[in-house]
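Visitor: Structure in structure tokens, see below.
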Amino acid sequence: MRDSDAVGGIVNDFGVYEEREVDVVVVGAGQAGLSAAYHLRRTGFEPERDFVVLDHAPRPGGAWQFRWPSLTYGKVHGMHALPGMELTGADPARPSSAVIGEYFAAYEESFGLPVHRPVDVTAVREGEGGRLRVESTEGVYAARALISATGTWERPFWPRYPGQETFLGQQLHTARYPGPEAFAGLRVVVVGGGASGTQHLMEIAGHAAATTWVTRREPVFREGPFNEVAGRAAVAQVEERVRQGLPPRSVVSVTGLPLNDAVRAARASGVLDRLPMFDRITPTGVAWDDGRFVEADVILWATGFRASVDHLAPLRLREPGGGIRMEGTRAVRDPRVHLVGYGPSASTIGANRAGRSAVREIRALLKNTPRASGAAVTG
């Protein structure tokens, strides 16, 4: 791992940025990016010489490092280990940000993954000689293929409602959720029917003066275990959207909310009594056209995230439907570009599989063609 100001081959002796040739640039060092880097290393790509990982975050941990303190490791739903190294012996009472951050750091170290941070990738354009020009705050890379593993955390989705700018209280998004103690004695409206919204409500209810839950759709609670058959069906729904070039929905959005003991208790106590979406926001609360009004000090938007793919805009990969049409992990409009942790692979186990699949396809693309070093990629 190297800091962005200590990478040889980018800045010359005169302090001028030069273009550096590599086979593959991986953008992002979360679950999907590290999985891809592991499979690159495992299949013969040399760190630094053949591939690099450029990570926007200040330290290891992907989006997990930014999770709220009250999300302990024991509350994490469905964290799947990275390939080749299990996460064992973690204290369930510790914050997930600390546990998973340390795990990712150990993983990078154990496998010698060439992660450069903090580095912002600002744009990916068509370069010379059939290469992609990857522009970053570290310099320019000329890559034969790109794995974009940027996830969604950097793009929280804020819905817009009439009167929103007049609200005199505080508006927060899940991305900056400070923990339940910050809402002590306040009247809180939580917007969103996903897992984050329900978790926030159940935590906040014990501290706030009052809570109100508002969702666009009636929440669907899932009884019983979520088995492999149900998981494949959910992933298939998301895959179909990206095949059509539509913006992906998260896998969680089509699986429903697990009905565990804590959720049952919250429903019985009224904490998870849901109201339909309000029609407008006033200076002191939220209002419906039927005359209903709820006073609020805080509106907490648990409304999800959108894919962070703005750096790919110069390549014009989007379809008229607004999404990037995919076949597996490959962007249909440019076979050099693979997206992992996007759409159907936006889960920890899906990210692992996508990383392996992307590397397999990239190896096939580059096979028997000159490497930056003059060798060939052979299978």
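Visitor: Can you pull out the residues in segment 26-62 that are surrounded by 21 or more Cβ atoms within 10 Å (Cβ to Cβ) and small (Gly, Ala, Ser)?
Guide: Within segment 26-62, GLY28, ALA29, GLY30, ALA32, GLY33, SER35, ALA36, ALA37, ALA57, GLY61, GLY62 qualify.
Visitor: Let me ask something else about it. Restrict the check to segment 99-121 and report whether at least one residue is of a type in the set (Gly, Ala, Ser), in a strand (DSSP E or B) and closer than 20 Å to PRO47 by Cα. Give the derivation first.
Guide: In the first step, residues of segment 99-121 are kept if they are of a type in the set (Gly, Ala, Ser); the result is 101, 105-106, 110, 112.
Next, from what is left, pick out any that are in a strand (DSSP E or B): none.
No, segment 99-121 contains no residue that is of a type in the set (Gly, Ala, Ser), in a strand (DSSP E or B) and closer than 20 Å to PRO47 by Cα.
Visitor: Does segment 257-276 hold any residues that are closer than 14 Å to GLN199 by Cα, free of Cβ contacts under 8 Å to residues at least 60 places away in the same chain and not in a helix (DSSP H, G or I), and which are they?
Guide: LEU259, ASN260, listed by residue number.
Visitor: Take segment 275-313 and flag every residue that is among the charged types (D, E, K, R), touching a Ser or Thr at 6+ places or on another chain (Cβ under 7 Å) and at pLDDT below 95.
Guide: Of segment 275-313, the ones among the charged types (D, E, K, R) are 279-280, 289-290, 292, 295, 297, 306, 310.
Now drop any that are not touching a Ser or Thr at 6+ places or on another chain (Cβ under 7 Å), which leaves 295, 306.
ARG306, the sole residue that qualifies.
Visitor: Taking segment 317-357, which residues are at pLDDT below 85, in a helix (DSSP H, G or I), at negative phi and not hydrophobic (A, V, I, L, M, F, W, C)?
Guide: Passing the criteria: PRO344, SER345, THR348, GLY350, ASN352, ARG353.
The values are calculated or read from the model by the stated rules, or taken from the named source; none is laboratory data. All figures in this text were calculated on a predicted structure; none of them were measured in a lab. Backbone-built Cβ (ideal geometry, glycine too); neighbour counts: all protein chains shown.
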